[in-house]
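Input: a single structure, listed below in structure tokens.
The values are calculated or read from the model by the stated rules, or taken from the named source; none is laboratory data. The shown structure was predicted, so the numbers you read here are calculated from the model rather than taken from an experiment. Here the Cβ positions follow ideal geometry from the backbone for every residue, glycine too, while neighbour counts run over all protein chains shown. Quick note on the areas: whole protein, heavy atoms, side chains included, nothing else; ligands and nucleic acids left out. Shrake-Rupley method; radii C 1.70, N 1.55, O 1.52, S 1.80 Å.
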Amino acid sequence: MQYNDFKGKLALITGSSGGVGYRVAELLARNGAHVVINSRSEENAERAAVRLRTISGEISIAVGDVGRYDDAVKVAAVAAEITGNIDILVSSGARSEIRPQPFADMTGPQLVEAFNSRFFARLFPVHAA
């Protein structure tokens with residue numbers, strides 16, 4: 001089912017070349033939003049964009065590692081240039097060398113690495129936008 005609830009809105013979804021971020025991008029595209037795909041990999045972003053363009057012609061790409069603040073600023077700027085502003089931001093996805101595991105099984109350094117890599121990858125895009 002398709003609605004136009006988000007027609008005329010620009011949505012930046014970080015970490016959206018796969019997984020949950022991709023599914024959110026898919027739903028927003030189906031509902032009329034201009035969707036900006038973000039990935040650290042241009043190849044992965046383009047692959048996701050090709051699939052999404054079968055749903056909507058309003059799909060763009062902003063490549064960068066939003067876990068790094070300077071990249072998050074560039075990604076937000078690329079997205080904002082498309083329509084002049086970002087109406088919707090979904091901060092999804094984050095990489096870490098530390099795989100998900102029970103909190104009690106993690107060492108102190110693993111806690112710091114997991115927090116820094118996952119928390120800032122979600123916070124930086126919000127601040128940059």
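Things to note:
- Flag if G67 is on the phi > 0 side of the Ramachandran plot and either touching a residue at least 12 places away in the same chain (Cβ under 8 Å) or β-branched (V, I, T) (or both): no
- For segment 118-126, the count of residues that are under 18 Å from A25 (Cβ atoms) and open to solvent by 30 Å² or more (accessible area, probe 1.4 Å) is nonzero.
- Of all the residues in segment 1-44, those that are over 11 Å from the mean Cα position of the chain (by Cα) and not in a helix (DSSP H, G or I) number 15.
- Exactly one residue among G15, G21 is surrounded by fewer than 23 Cβ atoms within 10 Å (Cβ to Cβ) and closer than 20 Å to A77 by Cα, and that residue is G21.
- In segment 82-99, the residue that is surrounded by the fewest Cβ atoms within 10 Å (Cβ to Cβ) out of those that are of a type in the set (S, T, N, Q) and more than 13 Å from the chain's Cα centre (by Cα) is N85.
- Considering residues of segment 78-121 that are in a helix (DSSP H, G or I) and in contact (Cβ under 8 Å) with a residue 40 or more places away in the chain only, the residue farthest from K9 (Cα to Cα): S117
- The requirement of being in a helix (DSSP H, G or I), open to solvent by 40 Å² or more (accessible area, probe 1.4 Å), among the basic types (K, R) and touching a residue at least 24 places away in the same chain (Cβ under 8 Å) is satisfied by R47.
- Inside segment 50-66, residues that are part of a loop (DSSP other than H, G, I, E, B) and open to solvent by 30 Å² or more (accessible area, probe 1.4 Å) make up a count of 5.
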